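Written out below as structure tokens is the structure these notes cover.
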Amino acid sequence: MKFAKNKWVEPGNPHTIGRFAPSPTGPLHLGSLYTALASFLQARSQQGRWLLRIDDLDTPRNIKGATDAILKTLEAFGLLWDDEVYYQSRHIDVYNGVISDLQRSGLIYPCTCSRKTLATDGGTDIYPGICRDRQAPPDEPHALRVKVDNRSIAFQDELQGLISHKLAEQDGDFIVKRKDNIIAYQFAVVIDDDLQHVNHIVRGYDLLDETPKQIYLQQLLGLSAPRYMHVPVIVDEQGYKLSKQTQATAVDLKAPQRVIFELLRLLKQNPPVELQQAPAADLLDWAIEHWNADLLKNAHAMSADFG
Ligand code: GLU
Ligand code: ZN
């Protein structure tokens, strides 16, 4: 599948291109800033580019003002991105075009199953393929699913090691466009990373299980697979991932150096105590120079003592 050349990056750029892709569902909390910092340091320590994408397709979950708050926070912390911000919502035609192509080649099919039908039919998260061989297009609301096959998807995560996954056994045919017409995250992310020429994805461990679906889509579309690094997620004292659901508070913009110092500690980078009072920019310079992702090997979660 060929996409139009875009204006963000030169195609064929051999350098690392990383990205941070927050959803505008609220201001950044410590957990999301942690991932942002990890991907920033990974890209910058390799003199790479670091792009910013706003994952704003899931409109019912978007919060007004959240995008602005996210941009302001990143700026306040000195996490400055390259190029213009990429908004998923401006690429809906591209996603739909690729979906139509796949539908024409029989790889995507409509599914009218309700959550209720699926719950009574086995009750697992593995889609049993009920609508797979449907002959006529339904005139009722439907999602679109992509057919998976028996191949196993294997990749070497830079922190979590070799991951091997069989979609047919672990997921079944999965949704690429929801019944409410919203393009599924799985699908959009694959197109976006290709359009932005992202070749190194650094993101939270909570997304590790989604990666095989994305690699499968890359294979179907003939796209090259980026490298993956799934960093631990920040958890609270109870062991729950910080999220809007756990009422994680927005990071304090007035004390960026304090927050960055704490984040570097949580990234196991051992920032020297002499730098505790240093301006955020100096801390970031130190961190870029000393970044060692290997210190996070096999870690799934890090417990924050403030958040
Ligand atoms: N927007 C997704 C999130 O907030 C991240 C997507 C990604 O990094 O692939 O969890
Ligand atoms: Zn169905």
field: Leading residue by the ranking (modelled with the highest pLDDT) among those in segment 118-127 that are surrounded by 14 or more Cβ atoms within 10 Å (Cβ to Cβ) and either hydrophobic (A, V, I, L, M, F, W, C) or part of a loop (DSSP other than H, G, I, E, B) (or both)
entry: I126
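Being away from ligand 2 (no atom under 16 Å from the Cβ) and not in a helix (DSSP H, G or I): is that true of I260 here?
Here the answer is no, as I260 does not meet what is asked.
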query: Counting only residues that are among the hydrophobic types (A, V, I, L, M, F, W, C) and loosely packed, with under 13 Cβ neighbours inside 10 Å, which one in segment 128-154 is farthest from the chain's Cα centre (by Cα)?
result: A136
query: Can you tell me which residue in segment 155-189 is surrounded by the fewest Cβ atoms within 10 Å (Cβ to Cβ), limited to those that are at positive phi and either within 16 Å of ligand 2 (Cβ to nearest atom) or among the small types (G, A, S) (or both)?
result: G161
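Could you count how many residues in segment 261-303 are over 19 Å from D157 (Cβ atoms) and in contact with a Gly (Cβ under 8 Å, 6 or more places away or on another chain)?
The qualifying residues number 4.
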- prompt: In the list S114, S89, S152, which residue meets the criterion of being within 19 Å of F174 (Cα to Cα), hydroxyl-bearing (S, T, Y), away from ligand 2 (no atom under 16 Å from the Cβ) and without any contact (Cβ under 8 Å) to a residue 60 or more places away in the chain?
  reply: S152
message: I'd like to verify a number: residues in segment 50-108 that are aromatic (F, W, Y) and part of a helix (DSSP H, G or I), how many?
response: 1
- prompt: In this structure, is G26 closer than 29 Å to D236 by Cβ and crowded, with 23+ Cβ neighbours inside 10 Å?
  reply: no
query: If you go through segment 13-39, how many residues are within 15 Å of the chain's Cα centre (by Cα) and assigned to a strand (DSSP E or B)?
result: 4
message: Take the conditions crowded, with 19+ Cβ neighbours inside 10 Å and touching a residue at least 60 places away in the same chain (Cβ under 8 Å) and apply them to I288. Does it pass?
response: no
task: Identify the residue in segment 40-49 that is of a type in the set (S, T, N, Q) and in a loop (DSSP other than H, G, I, E, B) and, among all such residues, is surrounded by the fewest Cβ atoms within 10 Å (Cβ to Cβ).
output: Q47
message: Where the second residue is in a loop (DSSP other than H, G, I, E, B) and within 11 Å of ligand 2 (Cβ to nearest atom) and the first is at positive phi and lies in segment 129-143, which pairs have Cβ atoms under 8 Å and are six or more apart or on separate chains?
response: G129/D173
message: Quick check on segment 30-58: of everything there that is in contact with a helix residue (DSSP H, G or I) (Cβ under 8 Å, 6 or more places away or on another chain) and among the polar types (S, T, N, Q), which residue is nearest to H200 (Cα to Cα)?
response: Q42
field: Criterion violated by A66 - all others in (1) without any contact (Cβ under 8 Å) to a residue 40 or more places away in the chain; (2) within 30 Å of H29 (Cα to Cα) satisfied
entry: (1)
field: One residue from D192, D173 being within 16 Å of ligand 1 (Cβ to nearest atom) and either in contact (Cβ under 8 Å) with a residue 24 or more places away in the chain or touching a Phe, Trp or Tyr at 6+ places or on another chain (Cβ under 6 Å) (or both)
entry: D192
message: I'd like the residue in segment 225-260 that is basic (K, R) and modelled with pLDDT of 85 or more and, out of all such residues, is farthest from Q156 (Cα to Cα).
response: K254
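The values are calculated or read from the model by the stated rules, or taken from the named source; none is laboratory data. Model, not experiment: these values are computed from the prediction. Cβ sites come from the backbone with ideal geometry, for glycine too, and all protein chains shown count toward neighbours.
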